[in-house]
Amino acid sequence: MTSSRLTWCSRPLAVANMIIRVVLVDDQALFRQGLRTLLGRHEGILVVGEAHDGESALRCVAATPTDVVLMDLHMPGLDGIAATARIMLRHPHVKVIALTTFDDDASIFSVVKAGAIGYLLKDADVSTIVAALHAAHKGTSVLTPSVARRVLGAIASHDVPVPTAASRYGL
């Protein structure tokens with residue numbers, strides 16, 4: 001492994017279909033190391049790389065077969081929102097889950113618009129993160145409950161035409 005300021009990526013020789021290959025992106029080395037250790041205890045999860053910013057995340061995903069990226073949003077240099085957008089353009093099969101401390105509308109809606117399939121807050125327990133990795137790998141969105149409320153609230157506050165039951169069912 002290299003310095004905490006550099007990306008490391010591994011290339012498993014043979015990876016079974018049941019393994020979810022994960023790249024961790026966060027500017028805090030201690031957080032990445034702790035998360036790697038915790039995820040390493042779960043069968044079916046393989047951390048194949050780590051990156052300290054968006055640019056190193058792009059290099060890691062390009063160099064390493066990756067299924068899901070756990071992406072911090074606010075980092076020096078290329079942030080997680082811009083990195084998510086670029087990953088989606090260059091590697092559309094890769095799923096990105098935002099994993100951050102920020103639950104403001106700008107962060108949520110920007111990263112979702114960039115292509116993230118999920119949004120978790122860093123206070124999530126490891127079982128929630130593991131479940132989110134499995135869900136994202138299958139193409140299912142996962143949102144922290146407080147974020148889901150914000151998303152639903154934003155949808156509800158817009159003037160979206162909704163058919164009445166009578167018109168919908170021809171009553």
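Quick check, is His93 modelled with pLDDT of 95 or more, open to solvent by 30 Å² or more (accessible area, probe 1.4 Å) and either closer than 24 Å to Gly54 by Cβ or of a type in the set (Gly, Ala, Ser) (or both)?
Values: modelled with pLDDT of 95 or more: yes; open to solvent by 30 Å² or more (accessible area, probe 1.4 Å): yes; either closer than 24 Å to Gly54 by Cβ or of a type in the set (Gly, Ala, Ser) (or both): yes.
Spelling it out, His93 is indeed modelled with pLDDT of 95 or more, open to solvent by 30 Å² or more (accessible area, probe 1.4 Å) and either closer than 24 Å to Gly54 by Cβ or of a type in the set (Gly, Ala, Ser) (or both).
Just for helices (runs of 4 or more DSSP H) wholly inside segment 41-114: which have at least 3 residues that are without any contact (Cβ under 8 Å) to a residue 12 or more places away in the chain and among the aliphatic types (A, V, I, L, M)?
Per the criteria, no element qualifies.
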Legend entry - Residues of segment 16-51 satisfying the condition of being under 14 Å from His137 (Cβ atoms), among the small types (Gly, Ala, Ser) and out of contact with any strand residue (DSSP E or B) (no Cβ under 8 Å at 6 or more places or on another chain): Ala16
Inset, instruction - Hey, can you tell me all the residues within segment 107-141 that are touching a Gly at 6+ places or on another chain (Cβ under 8 Å) and surrounded by 21 or more Cβ atoms within 10 Å (Cβ to Cβ)? - result: Val111, Ile117, Ala132, Ala136
Legend entry - Count of residues meeting criterion [in contact (Cβ under 8 Å) with a residue 12 or more places away in the chain, assigned to a helix (DSSP H, G or I) and either of a type in the set (Lys, Arg) or surrounded by 14 or more Cβ atoms within 10 Å (Cβ to Cβ) (or both)] in segment 142-153: 3
Legend entry - Test result for Val22, in a strand (DSSP E or B), β-branched (Val, Ile, Thr) and modelled with pLDDT of 95 or more: yes
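The values are calculated or read from the model by the stated rules, or taken from the named source; none is laboratory data. Everything numeric here is computed off the predicted structure, so don't read it as measured data. All Cβ positions, glycine included, derive from the backbone under ideal geometry; neighbour counts span all protein chains shown. Heavy atoms of the whole protein, side chains included, go into the accessibility calculation; ligands, DNA and RNA do not. Shrake-Rupley method; radii C 1.70, N 1.55, O 1.52, S 1.80 Å.
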